[in-house]
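Engineer: This is the structure, below, for whatever I ask next.
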Amino acid sequence: MKHLLLFILLISTPLLAQQRTLTGVVHAEDGSPLPGVNVAIKNTRQGTITDTNGRFTLPLVKGETLVFSFIGFTARELPITSANEYNVTLAASTHTLGEVQVVGSRNANRTKIDSPVPVDIIDLKPLQESAPQVSITQLLQYVSPSFHSVNGTNAGDAGSALNLSQLRGLGVDQLLVLVNGKRRHKSSNINWGGLGNGATGYDLNAIPTAAIERVEILRDGAAAQYGSDAIAGVINIVLNKSVDQLTLSSTASSRRRGDGVTTRTNANYGFALGKNGGYLNTTAEFATQAISILPGKDDAGLYLGPIYGGGANTRNYDAIYTKEIDEAILASRGIDRHHFDRRGGGSNKAKDALLFFNAAVPIRQNAELYAFGGISHRNSQFTAVYRLPGWTERNNSFLYPDGFLPAMENIITDKSFAVGIKGKIRDWDVDISNVYGKNDFGNVITNSLNASLGLKTPTTFDAGSYNASQNTGSIDISRYFPKALKGINVAFGAQYRVETYQIIAGEEASYSKADLRTVYGLDTTATGIVYQTKEGSIGLNGLSPGSQIHAGFRPENEVSVNRSILAGYADIEANITNKWLLSGAVRLESFSQLQNVTTYKVATRYSITDWLGIRASHNTGFRAPDLAQYYYTETSTSFQQGRAIDQVTASNQSAATRALGIPTLTPEKSKGYTAGFTSQPFRNFELTADAYLVDVNNRVGNTGNFSATDVNLPSEVRTLFVQTGTTQAKFFYNSFSTRTKGLEITGSYRTPFRNGTLSLLLGANFVKNEVTKVNTPKGLEAYRYIIFNDGEKARVTSQIPGQKITLQGIFKKNRLTYLARAVYFGSVTNASALNATFPKPDYFYQKLKPIWVADVSVSYALSKSIQATLGVNNLFNELGDYSDPKLSALNNPSVIGIQNGSAGIQPFVRVTAKL
């Protein structure tokens with residue numbers, strides 16, 4: 001022990017001798033002291049804040065540069081010299097520190113508080129260290145009031161692998177995503193159920209969170225500035241540019257019953273390229289998600305109906321087949337009812353591996369070559385409803401005597417690469433770029449069967465795949481004229497985009513209906529000769545075709561299509577006076593398969609005083625239907641009152657669609673209005689409020705279900721039923737128009753508190769959606785309630801929380817950081833189909849109560865470089881309402897979880913290192 005103490009003393013003595021203490025005072029240009037200034041040693045965890053007299057004391061262990069930063073002042077860096085005392089003056093800035101706005105304005109000097117339209121700028125660094133959430137969609141869900149995203153299992157099949165995003169309660173395909181200001185490609189998947197029924201959306205989780213510096217959310221229509229899709233707004237993801245710092249982070253969490261264990265580990269490191277500010281920032285991330293069970297009570301979702309008896313898919317127990325018979329069979333087989341539990345209650349089983357980079361190299365004094373992009377490979381397993389042994393038309397008891405739980409393995413590969421050059425040419429800023437992105441979705445069905453093949457059926461199927469790509473070439477030119485009026489920024493540019501979409505058929509066993517037989521008839525020629533005719537096909541044994549859970553793509557479903565889009569825009573921002581800003585933009589976009597579309601936008605802001613401004617905007621927008629919405633077709637199984645129903649979704653370009661009288665898709669068009677105010681009544685406090693109204697005409701959605709029992713349907717539709725072995729069909733169509741009205745409020749405050757720093761955040765969004773028109777094709781007036789059914793109406797009006805409020809506080813003092821947060825999700829109304837009754841199907845409505853979800857965490861700096869965090873998501877285990885027993889008569893009620901996809905209380909642990 002003595003030798004150990006001597007060794008420690010010998011080692012620590014020179015270290016203590018080398019440690020210095022830096023002190024000083026920070027003041028404004030008028031000489032007044034500045035309390036609450038961040039003082040940090042660059043590229044380390046060492047830091048402090050100034051006290052009420054503007055003074056600071058900071059031990060120095062390592063480092064060469066001091067960084068001083070404060071909201072409302074220009075950040076300043078000073079080299080650490082031999083001196084121990086530093087007196088620093090910070091210059092006032094019109095910018096809010098770290099919140100220079102990119103999205104929504106092409107003026108590089110615009111900040112979020114003086115913007116004529118509402119913009120959120122979210123610094124992810126403190127959230128990545130303290131918040132329970134780890135994916136970008138969930139981080140934004142709990143901090144941005146107008147952003148909404150729930151776990152993908154609220155959708156079905158492949159859609160469960162994605163967490164799609166909404167802004168202002170509008171569609172998942174009515175927002176635009178940019179990365180570093182450049183248009184990003186969408187997922188190739190068409191989603192069923194959830195937020196994006198019949199829509200494609202953006203897979204934000206294909207970007208590792210550690211690669212992101214901040215997120216900018218433009219909460220206003222911006223199609224005139226950025227093009228198709230930007231009806232609800234724009235999300236711009238700004239990538240990290242830091243160098244000479246390795247950041248490592250690993251997070252693990254578990255649900256209440258030990259299921260659904262989640263891990264996410266990432267590493268970020270930046271290299272300096274040359275000595276003139278070049279950089280290469282790289283990120284690697286690996287994540288796992290274990291299988292989860294339905295949240296709530298331990299017997300949530302437990303099946304109560306017949307298990308082994310014939311006809312278990314169509315009836316309850318009766319006098320002939322009793323529950324006692326079932327229980328005796330279960331006991332003899334050594335299993336109980338939990339053997340048939342549903343999985344995936346809140347999350348899929350998944351593995352994600354992601355790589356991303358962001359780079360730039362100065363090539364001359366006023367020019368820069370840049371590139372960014374990455375690749376992600378993700379495996380996500382969706383498990384459907386257990387196929388019970390008594391479901392005789394879906395199970396083969398020789399292969400699965402106790403039934404089976406089919407799984408859909410989605411193999412998702414996402415690739416993107418952007419390259420460009422930007423610089424000055426005669427005082428004009430010029431940016432020339434090309435961005436390519438591709439999303440591949442493979443579908444492998446496991447632990448399944450094709451019942452119609454009998455014992456010849458495989459149990460694993462290649463169900464085919466689909467992919468979508470986008471290549472965008474752009475030139476953007478802008479210039480600021482300081483002497484024109486009080487300053488005018490002029491921007492214009494052009495863009496050429498090529499989009500592709502492809503479906504590749506699966507193996508024959510994944511889609512075939514083995515019992516199809518040709519029906520022959522007899523006819524007679526004019527001369528009396530009798531001949532044989534083919535009258536179509538019919539299925540003989542009634543067994544379900546194709547791979548269970550999701551049938552494969554058929555050869556006739558294969559497509560390989562593309563389209564090109566040429567666009568040009570002009571954008572002007574003019575400071576008419578020192579107080580009045582006026583901006584406008586116009587854009588012409590020409591599609592190779594659609595008519596030309598012209599959109600415009602005007603916005604203004606007026607500063608009533610230095611601390612209060614009012615703003616307003618008006619815009620027109622559009623969204624061109626995605627190629628997938630034109631050409632996608634699929635066969636899957638849905639459940640209505642516990643009964644399995646095979647459904648086909650027909651391509652918008654199919655013969656069945658045309659024969660039914662549904663026209664080809666056309667662009668959605670919108671008009672939007674925003675009015676509000678911005679305020680900074682005192683230092684470090686910001687408050688904004690904006691009211692908005694958005695009308696969207698001719699929105700694309702899925703129709704309701706047409707039934708195979710309807711003898712009035714055209715022969716092409718009846719043939720579709722026979723070929724696919726389905727009993728219901730739905731179609732893509734511009735079926736409805738909506739009006740969205742809302743109010744958004746944001747506030748933030750940062751102040752010294754008890755020798756630490758307290759940051760407070762408030763956000764609220766109150767929104768109401770209503771359907772203003774239903775477009776019924778001529779000749780289909782009798783199908784009014786099927787063309788646009790009550791389920792689709794609920795999805796776009798009442799299944800999105802009409803109120804969302806976020807309250808968050810982060811307190812940092814010495815080595816400790818505390819986070820406390822509460823998020824309010826308003827009431828929603830769920831609508832579930834009971835049947836496909838003509839002319840108006842029956843639906844069951846359930847209103848779900850509002851919920852509050854609370855998160856807490858505490859972080860402790862174990863050293864200057866390592867921090868540990870412990871915390872809990874959903875501290876009070878708020879689950880929301882259970883499904884109504886009237887709807888789930890054969891199952892114990894389970895948590896619906898529409899508001900936030902809640903999986904209940906979820907503790908987590910995180911270790912972060914900055915080296």
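Engineer: Sorted by packing (mean other beta-carbon atoms within 10 Å per residue), highest first, where do 220-228, 821-829 land?
Structural biologist: So the peptides 220-228, 821-829, ranked by packing, come out 220-228, 821-829.
Engineer: While we're looking at this one, here's another question. Could you tell me how far the Cα centroid of segment 731-770 sits from the Cα centroid of segment 422-476, in Å?
Structural biologist: Measuring centre to centre over Cα atoms gives 32 Å.
Engineer: Which trypsin sites (Lys or Arg not before Pro) in segment 224-257 pass both tests, a DSSP loop state and at most 14 other beta-carbon atoms within 10 Å?
Structural biologist: Listed in order of number, the matching sites are 257.
Engineer: Near residue 741, which lysines are there with a Cα under 18 Å away, not counting those fewer than 8 places off in the same chain?
Structural biologist: 669, 671, 768, 773, 793, 804
Engineer: Now for a separate question. Residues with amide H under 5 Å of residue 179's amide H, sequence separation 5 or more or different chain, H placed in the peptide plane at 1.01 Å from N; which?
Structural biologist: 184, 237
Engineer: Sticking with this one: What FRET efficiency do you get for residue 252 and residue 675 if R0 is 41 Å and r is their Cβ-Cβ distance, rounded to the nearest 0.05?
Structural biologist: My answer for the efficiency is 0.35.
Engineer: On to the next question. Among the aspartates and glutamates, which fall within straight-line cross-link reach of residue 812, defined as a Cα-Cα distance under 18 Å, with same-chain neighbours fewer than 8 residues apart omitted?
Structural biologist: Here the aspartates and glutamates satisfying the reach criterion relative to residue 812 are 51, 123, 129, 855.
Engineer: Would you mind checking the pairs 125/849; 125/813; 125/351; 182/483; 62/241; 62/125 and listing those with alpha carbons more than 27 angstrom apart?
Structural biologist: Those over the limit are 125/849; 182/483.
Engineer: Something else now. Only Lys, Arg, Asp and Glu count, each charged at its Cβ (+1, +1, -1, -1), so figure out the dipole size of the chain about its Cα centre, rounded to 20 debye.
Structural biologist: 2000
Engineer: Also, quick follow-up: Which of the chymotrypsin sites (Phe, Trp or Tyr not before Pro) across segment 385-432 are loop residues per DSSP, with 16 or fewer other Cβ within 10 Å?
Structural biologist: Sparse-neighbourhood loop chymotrypsin sites (Phe, Trp or Tyr not before Pro): 398.
Engineer: Tell me, what ³J(HN,Hα) does each residue in segment 284-291 have, in order and in whole Hz, if you take phi through Karplus 6.51 cos²θ - 1.76 cosθ + 1.60 with θ = phi - 60° and put x for Gly and Pro?
Structural biologist: Working through the residues one at a time gives 10, 9, 9, 9, 10, 9, 7, 4 Hz.
Engineer: Related question: Per residue of segment 748-762, in order, report the coupling 6.51 cos²θ - 1.76 cosθ + 1.60 (Karplus, θ = phi - 60°) as ³J(HN,Hα) in whole Hz, putting x for Gly and Pro.
Structural biologist: 8, 8, 9, 8, x, 8, 6, 6, x, 10, 10, 10, 10, 9, 10
Engineer: Same structure, new question: Which lysines, on any chain, are close to residue 513 with Cα under 23 Å apart, when same-chain ones fewer than 8 places away are left out?
Structural biologist: 456, 534, 730
Engineer: Shifting gears a bit: If a paramagnetic tag sat 7 Å from the Cα of residue 561 along the Cα-Cβ line, which residues of segment 160-193 would have the backbone N under 20 Å from that point?
Structural biologist: Once the point is set 7 Å along Cα→Cβ of residue 561, 173-174, 185-192 turn out to lie under 20 Å by backbone N, inside segment 160-193.
Engineer: Something else about it: Taking the Cα centre as origin and putting +1 on Lys and Arg beta-carbons and -1 on Asp and Glu beta-carbons, what dipole magnitude results for segment 484-593, to the nearest 20 debye?
Structural biologist: 500
Engineer: Which whole-number percentage describes the relative contact order of the chain, with Cα contacts under 8 Å and a sequence gap of 6 or more?
Structural biologist: Relative contact order here is 11 percent.
Engineer: Calculated from the structure, semi-axes √(5λ) of the Cα gyration tensor in Å equals which of [x] 53, 34, 25; [y] 58, 34, 24; [z] 75, 38, 22?
Structural biologist: Among [x] 53, 34, 25; [y] 58, 34, 24; [z] 75, 38, 22, the one derived from this structure is [x].
Engineer: Can you tell me the order of 776-787, 904-915 when each peptide is scored by its average per-residue count of other Cβ atoms within 10 angstrom, highest first?
Structural biologist: With the highest mean Cβ count within 10 Å placed first, the list reads 904-915, 776-787.
Engineer: Quote the FRET efficiency, to the nearest 0.05, computed for residue 781 versus residue 884 with a Förster distance R0 of 25 Å and r equal to the Cβ-Cβ distance.
Structural biologist: It comes out at approximately 0.15.
Engineer: State the answer as a single residue: which of 59, 788, 833 lies farthest towards the positive end of the charge dipole of the chain, with beta carbon charges of +1 for Lys and Arg and -1 for Asp and Glu, about the Cα centre.
Structural biologist: Of 59, 788, 833, it is 59.
Engineer: I've got another one for you. Using helices alone, I'd like the mean residue ellipticity at 222 nm for the chain: each DSSP H run of four-plus residues gives -39500 (n - 2.57), total over residue count, nearest 500.
Structural biologist: For the chain, the value works out to -2000 deg cm²/dmol.
Bear in mind that the values in this text are calculations on the coordinates, not laboratory data. Treat the numbers as computed from the prediction; the structure is a model and nothing was measured. Here the Cβ is made from the backbone with ideal geometry for all residues, glycine too, and neighbour counts use every protein chain on show.
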